[in-house]
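Comments concern the structure below.
Read the figures in this text as sums done on the coordinates, not as results from a lab. Just so we're clear, the structure is a prediction, and the values are computed from it rather than from any experiment. So basically every Cβ, Gly included, is an ideal-geometry build from the backbone, and we count neighbours across all protein chains shown.
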Amino acid sequence: LRQRVPTRGERDELGRLALTFNEMLGSLESAWKSQQRFVGDASHELRAPLTVMRGNLELLRRHPHLGPDERDAMIAEIERETSRMTRLVEDLLLLARSDAGSTLTRTPVDLRAPLLEALRDARTLARHHHLALDAPPGPLTVLGERDRLRQLLLILLDNALKYSPDGSTVRVQVLREAGQITVLIHDEGDGIPESALPHIFERFYRADAARQRDTGGTGLGLAIAAWIATQLGARIAVHETGPGGTTFGLTFSPLPAPQTQDPERTPVL
Ligand code: ADP
């Protein structure tokens, strides 16, 4: 890939062809590099839980007479790392499928159902937080797949919980304006540092504070959320962030107007 076709200036057809060819080589090279980086990062992330698991298993084998508390703590750690690896593998599979061109179907769905499911899932994670929902009455129809919508909402809720202190409130607000539906997820955490903002949707990116707190995250959540949102024609963005907290917004495009039949083309029965 490093070799380029020698160009002889753009003027003649052969020269332009060589330039186009070189441009194609350039984009192939950068796609190849980003795939290599993805595989490298994924292997690194998979190795960490494996190391912990192997270490604990070896200790358990070498010290058969450990006290029951110590044994239980080590087994619990192995279980935690196993679930972390399972989550990681599922996330990697989804991203690999997205790279391979997998697409989501867009059918009308009432957002309320996946939203309530995601909130129920979040409630099991949010033992020390308050969760609040503010949504207008009536159906909230958007285009998407119910399970993926739930996954997308849960990623944002899970982050809001992970990055805000115990005892604080995570608020979900749904707005319906001119046929457009927006979901706002607001937390009372420390906010996202400005230097981190351009990177949060990148695969494996985690701001330093997140790494240090070891929230169990993998840095893939927002990359997956962004892929699902794009597939569903929705926009995902940080609406506000600072010491008072962060607000993520998901905006769904209005549904296409119902097809009115052209009277001229209505078949005569
Ligand atoms: P992670 O698994 O680390 O949560 P994500 O891709 O979901 O990975 O998020 C990327 C990074 O963005 C996080 O590591 C964290 O630094 C930052 N982040 C995401 N959501 C929030 C939030 N609500 N408040 C503060 N920081 C956040």
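Structure remark: mean-square fluctuation, Gaussian network model of the chain, C-alpha springs under 10 Å; the largest value among Gln36, Gln151, Gln173 belongs to Gln36.
Computed over the chain, relative contact order equals 15 percent, with contacts defined as Cα pairs under 8 Å that lie 6+ residues apart. Spin-label model, Ser102/Val39: points 7 Å from Cα along the beta carbon direction are separated by 1.9 nm.
For the chain, with only Lys/Arg (+1) and Asp/Glu (-1) charged at the beta-carbon, what is the dipole magnitude about the Cα centre, in debye rounded to 20?
Details: 33 positive and 36 negative charges, 115 e Å.
Dipole of the chain, to the nearest 20 debye: 560 debye.
Each Lys and Arg contributes +1 and each Asp and Glu -1, all at the Cβ; summed about the Cα centre of region 86-234, the dipole is approximately 320 debye. Among the DSSP helices (H) of the chain, those spanning at least 18 angstrom by Cα along their long axis with an average Kyte-Doolittle hydropathy of -0.5 or more are 13-62, 112-125, 146-162; this is a geometric and hydropathy rule only. Specify the inter-centroid distance of region 22-88 and region 181-207, based on alpha-carbon positions, in whole Å. If you average the Cα positions of each part, the centres end up 25 Å apart. Looking at region 66-105, what % of the alpha carbon pairs are farther apart than 13 Å? Pairs farther apart than 13 Å: 64 percent.
Tell me which of Ala226, Ala178, Ser30 sits at the most positive position along the dipole axis of the chain, charges placed on C-beta atoms (Lys, Arg +1; Asp, Glu -1). Sorting the options by dipole projection puts first Ser30. Considering only Glu70, Glu202, Glu117, the mean-square fluctuation computed in a Gaussian network model of the chain, springs between alpha carbons under 10 angstrom, is largest for Glu70. In loop segments of region 1-99 as defined by DSSP, there are no chymotrypsin sites (Phe, Trp or Tyr not before Pro) with at most 13 further C-beta atoms inside 10 Å of their C-beta.
When the chain is treated as a GNM, springs tying every alpha-carbon pair under 10 Å, which of Gly101, Gly67, Gly144 comes out with the largest mean-square fluctuation? Looking only at Gly101, Gly67, Gly144, the largest GNM fluctuation is found for Gly67. With helices as the sole contributors, the chain gives -17000 deg cm²/dmol at 222 nm; each DSSP H run of n ≥ 4 counts as -39500 (n - 2.57), and the sum is divided by every residue. Distance distribution note for region 171-236: the fraction of Cα pairs above 21 angstrom is 35%. Based on alpha carbons, the Rg and Dmax found for the chain are 24.2, 87 Å. Across region 1-142, the fraction of Cα-Cα pairs farther apart than 28 Å, rounded to a whole number, is 59%. Relative to the present Cα-Cα distance, how much length would full extension add between Thr51 and Ile78 at 0.36 nm per residue of separation? Additional length available on full extension: 8.7 nm.
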